[in-house]
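Presented below is the structure to which this report refers.
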Amino acid sequence: MKWQDRRRSGNIEDRRGQAGGGGFMRRGNGPRLRIPSGRSMGTGGAGGLGLIVVVIVVALALGVDPMQLLSGGTTPQTQTDSSTSSRTGAGNDEASQFVAVVLAETEDLWTEVFRQNNLTYELPNVVLYSGRTDAAGCGLANASTGPFYCPADQKIYIDLSFYDVLRTQFGASGDFAEAYVLAHEVGHHVQQLTGVLPEFNAQRSRMSETEVNAMSVRVELQADCYAGIWANYAGQENLLERGDIEEALNAATQIGDDAIQERTQGVAVPRTFTHGTSEQRKRWFEVGYESGDVGACDTFSGAI
């Protein structure tokens, strides 16, 4: 990925080297747009229709009022400041600078998409930490959990050592594999702002464990599709290099539920899947990448 000399987001909280809490992170109460054609981002048009269609489909799937989502209604979240101190902005190391550049590109993409749909994109923060840290309403983040999005404070948490694990244990190397992971978590933030995550979390208590898992898969696959939309945008911005998309597709394949379960326990148990199979994750990333259309990211109706 061509990322050197690009704008870096300032929405980075670097807590590495700071004292964190003990214990393991819990994921709280929940799991976790069309790109205009051509190079111009200024026309809007079908992008608005795509967003409305997806929101209505999501609302119907979850049994909620579509107008609540279209009006931006969300479940109130309690925001709590972290007990750990942090530095604002990325550090001088290459890894944190890369995260800041990728985050900046997602900011540019989703800010424009939301603007074209008469909505405001609220920029998420990315928290870089080492070992463990307080994730506010989502408990204590631990390096072993991998990157995640916390709806309670609308922040993405990443221990950058995860990328070493992604490369050495999962066989998913390359900077675009790392970018895909971050773009997926940003996709959860988009879901938070459009009401998908709040409504899913509101419905969880009325679902069986199997139903929660099945709906979680659809939520996660939509985030994969949104990551693909960002990859489409990166291509429009001439940021892609040879092999980048293959790196993302390989990462999606390696972190599918079936691949992880077969690797760790020798057998895959579909009813316990929460993120989707390798084939599903790869396919929905491709849907977003090849279409660049948020309306294509409808994982809430029909087969997935």
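No value in this document is a laboratory result; all are computed from the given coordinates. The shown structure was predicted, so the numbers you read here are calculated from the model rather than taken from an experiment. Every residue, glycine among them, receives a Cβ derived from its backbone with ideal geometry; neighbour counts consider all protein chains shown.
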5 angstrom amide H check on residue 172, placed H, neighbours 5+ away
167
Spin-label point model (7 Å from Cα, Cβ direction): what's the residue 246 to residue 94 distance in nm?
2.1
Quickly rank 184-193, 251-260, 228-237 as a protection proxy: mean count of other C-beta atoms within 10 Å, highest first.
184-193, 228-237, 251-260
Length gained if residue 237 through residue 211 is fully extended, taking 0.36 nm per residue and subtracting the Cα-Cα distance, is 5.4 nm
Ranked output for segments 265-272, 110-117 by mean other Cβ atoms within 10 Å, highest leading, reads 110-117, 265-272
Once phi is turned into θ = phi - 60°, what whole-Hz ³J(HN,Hα) does the Karplus curve with 6.51, -1.76 and 1.60 give for every residue of the range 154-162, x standing for Gly and Pro?
6, 10, 9, 10, 9, 8, 5, 5, 4
Under a crude label model (7 Å from the Cα following the beta-carbon direction), how far is residue 140 from residue 173 in nanometres?
3.5
Provide the gained length on full extension for the span residue 108 to residue 279, in nm with one decimal, where the gain is 0.36 nm per separating residue minus the Cα-Cα distance.
58.6 nm
